[in-house]
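Asks: Please read through the structure below; I'll follow up with questions.
The values are calculated or read from the model by the stated rules, or taken from the named source; none is laboratory data. Quick caveat, the model's predicted, so the values are computed rather than measured. Cβ atoms come from the backbone with ideal geometry, glycine included; neighbour counts cover every protein chain shown.
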Amino acid sequence: MSNPSRGRVLIVAGSDSGGGAGIQADIKAVTMLGGFAATAITALTAQNTLGVHGVHEVPAAFVAQQMRVVLEDIGADAIKTGMLNSPSVIEAIVRVLDDVAPHIPLVVDPVMVAKGGARLLQPEAEVALIEQLIPRATIITPNLPEAEALIGKAIPDAAAMPAAAHSLLGLRPKAVLLKGGHLDSSELLDLLQTPEGETRFLAQRIDSRSTHGTGCTLASAIAAGLAFGKPLRQAVAEARDYVRQAMLTAPGLGQGHGPLNHGWPLNH
């Protein structure tokens, strides 16, 4: 049985009404990995496997209040951020982190664009993300389009990923997991970069349209590992394995990019 004093993850992200990504995916992943998920919801989306059809922002002060009441009572062993949308929300989150959670491991998934192409981060919020939140991160988990937006350079192939990861490390997170899933190749590279060196994770591409929520799920799974005190490299490796199995056993729902099978450990 899990130690009840460990494994607490506070997730600060948007809601996905389709249940495949965002807060819903985060809660499922943390729960299936034995942790306890608490949330601060930053936005509501009307969303399904075909795309994002509407976004309703939560006021920044209320996002901060959600965080504070959870941290002051339940506490957290790791914090994960996802969809943040606006500069005011990012600034409010940073104030709470500095006030009551400066030493808690922080996983920042820099959610910028939805799988269907809808922009989820206001352009002016990118500056706040880069200058205020990323420097506080234990690890950031950008995919290639997000990494290109963060560093302002194209990443055309796997050979360009190490230099890009170093550039991302220059934004002052403690570590970077640069995800290579957007590359057009059968073998995919994820690159974990820290000041001490790099770790390469190679895997064969899974031919599937059930890819909705992979980024959210991976970041939350990493946060769950860190919340249990696992070393970063182990947390990343185990999170990748969890997501891969969730893709391989996906239920095939919806007409677009379908959700994963977050509950696969129940059947193993």
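Asks: Would you check if residue 224 is surrounded by 16 or more Cβ atoms within 10 Å (Cβ to Cβ) and under 19 Å from residue 168 (Cβ atoms)?
Replies: Working: surrounded by 16 or more Cβ atoms within 10 Å (Cβ to Cβ): yes; under 19 Å from residue 168 (Cβ atoms): no.
Answer is no for this residue.
Asks: Looking at 256, 252, can you tell me which residue is touching a His at 6+ places or on another chain (Cβ under 9 Å), farther than 22 Å from residue 140 by Cβ and not in a strand (DSSP E or B)? It would help to see each step written out before you state the result.
Replies: On the way: 252 fails: touching a His at 6+ places or on another chain (Cβ under 9 Å).
Selected residue: 256, the only one of 256, 252 that is touching a His at 6+ places or on another chain (Cβ under 9 Å), farther than 22 Å from residue 140 by Cβ and not in a strand (DSSP E or B).
Asks: Pull up the stretch 167-215, narrow it to residues that are among the basic types (Lys, Arg) and surrounded by 15 or more Cβ atoms within 10 Å (Cβ to Cβ), then point me to the one that is farthest from residue 256 (Cα to Cα).
Replies: For the stretch 167-215, the residue satisfying everything is 174.
Asks: A further question follows. Could you pull out every one of the helices (runs of 4 or more DSSP H) wholly within the stretch 49-150 that has 1 or more residues that are out of contact with any His (no Cβ under 9 Å at 6 or more places or on another chain) and over 29 Å from residue 164 (Cα atoms)?
Replies: Helices (runs of 4 or more DSSP H) meeting the threshold: 60-73, 87-100.
Asks: Looking at 10, 97, which is the one that is over 25 Å from residue 144 (Cα atoms), under 13 Å from the mean Cα position of the chain (by Cα), modelled with pLDDT of 95 or more and not basic (Lys, Arg)?
Replies: 10
Asks: Identify, from the list 137, 164, the residue that is over 25 Å from residue 25 (Cβ atoms), in contact with a Leu (Cβ under 8 Å, 6 or more places away or on another chain) and surrounded by 21 or more Cβ atoms within 10 Å (Cβ to Cβ).
Replies: The match here is 164.
Asks: Out of the residues in the stretch 48-82 meeting the condition of being hydrophobic (A, V, I, L, M, F, W, C), surrounded by fewer than 17 Cβ atoms within 10 Å (Cβ to Cβ) and at pLDDT 95 or above, tell me which one is nearest to residue 95 (Cα to Cα).
Replies: Among them, the one singled out is 61.
Asks: Next question, about the same structure. Return yes when residue 52 is more than 20 Å from residue 215 (Cα to Cα) and either touching a Cys at 6+ places or on another chain (Cβ under 6 Å) or of a type outside the set (Lys, Arg) (or both) and no when it is not.
Replies: No; evaluated as a whole, the condition is false for this residue.
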